[in-house]
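This report refers to the structure that appears directly beneath it.
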Amino acid sequence: MVANSTYSAIFTAQKQFFESGATRSYSFRKKQLKKLKQAVEVYEDRITQALYDDLHKASAEAYATEIGFLHEEINYTLNHLKDWMRPDKVRTPLVAQPSKSRIYHDPLGLTLIIAPWNYPFQLLFSPLVGAIAGGNCAILKPSEEVPQTALVAEALVKEFFPEEYIAVVQGQGHVVVPKLMDHFAFDHVFFTGSVPVGKIIMAAAAKHLTPVTLELGGKSPCIIDETADLEKAASRIAWGKFVNAGQTCVAPDYVLVHHSKKEEFVQNVAEAIRKFYGDDPSISPDYPRMVNKKRFDAVVKYLSQGRILLGGQAKEEEKYIAPTLLDEVSPDDPIMQEEIFGPVLPILTFDKLQEVPAIVGKNPYPLALYFFSDDNRNQDYILNTIRFGGGCINDVLMHLGNPAIPFGGIGTSGFGAYHGKYSFDTFTHAKGILKTTTLLDIPFRYPPYTEKKEKYMKMFMK
Ligand code: NAD
């Protein structure tokens, strides 16, 4: 168990380093981002192996969803950072003339980044890109559920960055995080994880009035209307659901398909699963496992909540659960009330699109929503009727890979956003400054107020 004094030493060293101003310049931030990129290249094999050991992730999947993803984020940030750092010029109202107004983007200071286990590398280091770009110091807390990845992350950081700038702390979240958040006033906490722990983080942050970003979960629906291209919908949904064995925060949680298209859709998904993983996915090198026994047990329970259309096999010793399609689930079953976070896909139907918002509303504020439709009016209807974090039309998951759009939740799926410029905004303070002249001093704002002064006020501030 790491003593509080170790955390205190890291925190004090980071505070001194930040206050020295060392992290502020563009050249420093650019150098650190390039260093991070180089570190990921040097550690690529070790990261890939660790992800296989922890989650049985195939190397192609590890590259696409974790390592390559991070490279893209770093490249995008390096290409735009100079522009983002420049103060924004904004207009000044007549009443404050003659003046100039600017928005400066100030570093926040000391940041704490807490990551989950499902994309354990990317979800630890992608927020770090924002923290570096914003000119901050950072303490990273990987998930204890993926010990190999957590160790590799620590080794990478230790080899490439001084602890006074970026440090990694290990251990169980309920032990380590309170030690950090109760005793030290961080300038920002960036948390990715479950809703219950998100609430604990927010309560802990309140003690020091520390701002938080909460990237949480929820039940993300996949809606398919009668105009959709079913073959493409099925391939994309099968890929997005079964990648990482369903342990993806934005995985399609359940499908809501127009009743006339259900059978054809199910056949297409079954075909896509066979194409991806063969007749027996348990021997496919590309199909991952549940992270631990606890998650295996939780997901296995769902297999009895409905009628199995496809899959349903489970092997406890391997933490394997087959890609599974479920029919006849009840809205009262836990599977329709909890985030599934595993390779089990309930298929529900609707008759009229107008029924969909109420069905989705039983689990409000999904982190993502996916709508498959070739009808523009239907697309507008869904986009303008349901509140959700973000999503895709005619695809799944791909919105995550575009750093030009924000990624984040709404309501219970979290608040704040990141990726690209949105990470920079999250990890900086927008400081508004009005700079005025001393050559003249318009007197009408000063007491004693007179009728004439009031008349001027009304003239300028109409
Ligand atoms: P979790 O909330 O159990 O753990 C996340 C982190 O919090 C870990 O580092 C853990 O050590 C720490 N932690 C655990 N208990 C704690 C406590 N009592 N106090 C302080 N810290 C604590 O989440 P998880 O099981 O690792 O991840 C799965 C969840 O994360 C799912 O709900 C999923 O939807 C969500 N998630 C969201 C996103 C997103 O981007 N929105 C991405 C991935 C996962």
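Of 459, 198, 251, whose Cα points farthest to the positive end of the dipole of the chain (charges on the beta-carbon: +1 Lys, Arg; -1 Asp, Glu; origin at the Cα centre)?
459
I need the peptides 54-60, 237-243 ranked by packing, meaning the mean over residues of other C-beta atoms within 10 angstrom, with the highest value on top.
Order by mean packing, descending: 237-243, 54-60.
In a shell of Cβ-Cβ distance under 13 Å around residue 280, excluding residue 280 itself, what net charge do Lys and Arg (+1) and Asp and Glu (-1) give?
Result for the local shell: -1.
Distance check, please: which entries in 82/179; 199/293; 57/232 exceed 29 angstrom between their Cα atoms?
Numbers: 82/179 36 Å; 199/293 25 Å; 57/232 24 Å.
Beyond 29 Å between Cα atoms: 82/179.
Rolling a 1.4 Å sphere over the protein heavy atoms, what is the accessible area per residue of the chain, to the nearest Å²? It would help to have the intermediate numbers written out before the result.
Working: 21150 Å² over 462 residues.
So the chain comes to 46 Å² accessible per residue, rounded to a whole number.
Could you give the dipole magnitude of region 83-131 about its Cα centre, charging the beta-carbon of Lys and Arg +1 and that of Asp and Glu -1, in debye to the nearest 20?
Working: 5 positive and 3 negative charges, 61 e Å.
With only Lys, Arg, Asp and Glu charged at Cβ, the dipole is about 300 debye.
Mind jotting down a quarter of the surface of the convex hull over the alpha carbons of region 216-266, in square nanometres, one decimal?
Its average projected convex-hull area is 3.5 nm².
Would you work out the relative contact order for the chain, in percent, from Cα pairs under 8 angstrom that are 6 or more residues apart?
Across the chain, relative contact order equals 18 percent.
Note the angle between two axes, namely the Cα long axis of helix 173-183 and the longest principal axis of the Cα atoms of the chain, as a number of degrees from 0 to 90, rounded to the nearest 10.
10 degrees
Determine the share of the chain's accessible area contributed by carbon and sulfur atoms, expressed in whole percent, with a 1.4 angstrom probe.
Of the solvent-accessible surface of the chain, carbon and sulfur hold 54 percent.
About its Cα centre, what dipole magnitude does region 1-139 give when the only charges are +1 on Lys and Arg Cβ and -1 on Asp and Glu Cβ, stated in debye to the nearest 20? Let's see the in-between values first.
Working: 16 positive and 13 negative charges, 206 e Å.
Charge dipole, region 1-139, about its Cα centre: 980 debye, nearest 20.
Rounded to the nearest 20 debye, what is the charge dipole size of region 221-408 about its Cα centre when +1 sits on each Lys and Arg Cβ and -1 on each Asp and Glu Cβ?
Dipole about the Cα centre, nearest 20: 540 debye.
Can you find, among 220, 137, 436, the residue farthest towards the positive end of the dipole of the chain? Put +1 on the C-beta of Lys and Arg, -1 on that of Asp and Glu.
436
Would you list the P(r) distribution for region 221-408, with all Cα-Cα distances sorted into 10 Å bins from 0 and each bin expressed as a whole %?
For region 221-408, the binned pair fractions read 9, 39, 38, 13, 1 percent.
Report the one residue of 33, 446, 314 whose Cα lies farthest in the direction of the positive end of the charge dipole of the chain (charges on C-beta: Lys and Arg +1, Asp and Glu -1; origin at the Cα centre).
446
Would you mind putting 66-76, 328-338, 86-96 in packing order, based on average other-beta-carbon counts within 10 Å, highest first?
Sorting 66-76, 328-338, 86-96 by mean packing, highest first, produces 66-76, 328-338, 86-96.
Mind checking the angle between helix 195-207 and the chain's longest principal axis? C-alpha axes, 0 to 90 degrees, to the nearest 10.
It is inclined by approximately 20 degrees.
Using the Cα atoms of region 178-232, I'd like the radius of gyration and the largest Cα-Cα distance, Dmax, both in angstrom.
18.1, 56
Can you tell me which aspartates and glutamates have their Cα less than 20 Å from the Cα of residue 219? Leave out same-chain residues fewer than eight positions away.
List returned: 253, 297, 327, 328, 332, 333, 338, 339, 355, 395.
Over all directions, average the projected area of the Cα convex hull of the chain and note it in nm².
Result: 26.8 nm².
To the nearest 10 degrees, how steeply does helix 26-42 sit against the main Cα axis of the chain, on a 0 to 90 scale?
Rounded to the nearest ten degrees, it is 20.
The values are calculated or read from the model by the stated rules, or taken from the named source; none is laboratory data. Just so it is clear, the model here is predicted, and its values are computed rather than measured. For neighbour counting, all protein chains shown are included, and Cβ atoms are generated from backbone atoms with ideal geometry for every residue, glycine included. Just the protein is used for accessible areas: all its heavy atoms, side chains included, with ligands, DNA and RNA removed. Shrake-Rupley method; radii C 1.70, N 1.55, O 1.52, S 1.80 Å.
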